[in-house]
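The values are calculated or read from the model by the stated rules, or taken from the named source; none is laboratory data. Keep in mind the model is a prediction, meaning the values are calculated, not measured. These area figures cover heavy atoms from the full protein model, side chains too; ligands, DNA and RNA do not enter into them. Shrake-Rupley method; radii C 1.70, N 1.55, O 1.52, S 1.80 Å.
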Amino acid sequence: MHALTESQIRKSFVNTTLRERNSLTLPPSFAELDWDQLDFLAWRDPKLPLIGYLVVPIDDTLVGILLRQGQRQPRTRPQCSFCEDVQLPNEVAFFSAKRAGAAGRKGDTVGTLLCSGFECNANVRVRASAIFAGDDPEAVRQQRIERLRAHARGFAGRILG
Ligand SMILES: [Zn+2]
């Protein structure tokens, strides 16, 4: 994705109050992000442990989404619905997000299972082992990147309603 400025990020949020948007803390590594390696930007709020943020580019617009980690977590280790990583290098957690606009103000939410530290961008870029990738690991890697983009856009679409 293209590099974003702080003001682009703050303006992108579709399911926050103005106060939440203005008070969100950017990722600690913001200045050093390698944007070429990202299909979306996602991070945990360094000050609010159960809050995360997701910024998904869809064509020329950005859809910023505030996520809340659920208090109740799945008992068996589930698969992340964004990267679908089968090698499970990290924890997966249940998050919910308010829908944009009037639906969200009425309390309508959308839930999803995601890598708990949003490791998805890195996970899909790891070259899969031959067991999973057969004889063309690079093609498999590209397909996983495409699928990750599609899942992130699909989730953002459900938030927009
Ligand atoms: Zn993931």
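Overview of results
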| item | result |
| --- | --- |
| Relative contact order, percent, segment 18-96 [alpha-carbon distance under 8 Å, six or more residues apart] | 19 percent |
| Whole-number accessible area per residue in Å² for segment 6-160, which is evaluated in the context of all protein chains at 1.4 Å | 55 Å² |
| Carbon plus sulfur fraction of accessible area for segment 16-135, probe 1.4 Å, in percent | 51 percent |
| Phi-based couplings in Hz for segment 14-25 (Karplus 6.51, -1.76, 1.60; Gly and Pro marked x) | 10, 10, 10, 7, 4, 5, 4, 5, 6, 9, 5, 9 |
| Amide H within-cut-off set for Asp45, under 5 Å, with H built and near neighbours excluded | Ile51, Gly52, Tyr53 |
| Whichever lysines have a C-alpha closer than 19 Å to that of Lys11, once near sequence neighbours (fewer than 8 apart) are set aside | Lys98 |
| Rg(Cα) / (2.2 N^0.38 Å) computed for segment 1-122, rounded to two decimals | 1.04 |
| Long-range amide H partners of Phe13 with built H, under 5 Å | Gly64 |
